[in-house]
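Q: Okay, handing you the structure first.
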Amino acid sequence: YCNYKDYGHQKEEKVELKKHEVVSVVEVGALDDKMKLIDERKNVVVKIWKEGCPPCVHIAPKYMKLAAEYTPKGVTFASQHAKYLVRGSDPPTRAVPAFHFYRNGLFIDTVLGADIRKIEDNVLALSK
């Protein structure tokens, strides 16, 4: 995380995918679409984002890298724009990016912000 005025001035990490890596991140919109995905899949991570959000832009390639690594291990990765959140029906989201983790249809945890270590720790726990 960094202050908005500092964004773009910190050292950028390069994230490269292997030549034949396939990345699948499901775009979900309405609550019904997201709930259907969560009910159909055992382990799901939903990234909540918003345009004009520097941390959202910063974490996007790292999220894709996690998707490439953990999708074959049974974790489904999804992305949802914050405008589709429904109060009272979604886990509370006080900031973007936010990452919601679900197992067997149940919400288990949230990571707020672009903390890749916390995100990866939760993804690793889902993959076991």
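A short reminder: the numbers here are calculations on the coordinates, not readings from a lab. This structure is a prediction, so every number in the text was calculated from the model and none was measured. A quick note on method: Cβ atoms are made from the backbone with ideal geometry, for glycine too, and the neighbour counts reach across all protein chains shown.
Q: Could you give the nm distance between label points at E27 and Y84, where each point is 7 Å from its Cα heading toward the beta carbon?
A: Once both label points are built, they end up 0.9 nm from each other.
Q: Using amide H atoms built in the peptide plane, which far-off residues or other-chain residues are under 5 Å from S79 H to H?
A: Sorted by chain and number, the residues that satisfy this are V26, E27, V28, K47.
Q: Here is a further query. Which net charge results for the neighbourhood of A78, defined as the other residues with beta-carbon distances under 10 angstrom from its beta-carbon, given Lys and Arg at +1 and Asp and Glu at -1?
A: +1
Q: Determine the shape class of the stretch 34-128: with a ≥ b ≥ c the square roots of the Cα gyration tensor eigenvalues, call it rounded for a/c under 1.5, and otherwise prolate if a/b is greater than b/c, oblate otherwise. List each step's numbers first, then the result.
A: Details: a/c = 1.70, a/b = 1.11, b/c = 1.54.
Taking the square roots of the gyration eigenvalues as a ≥ b ≥ c, the stretch 34-128 is oblate.
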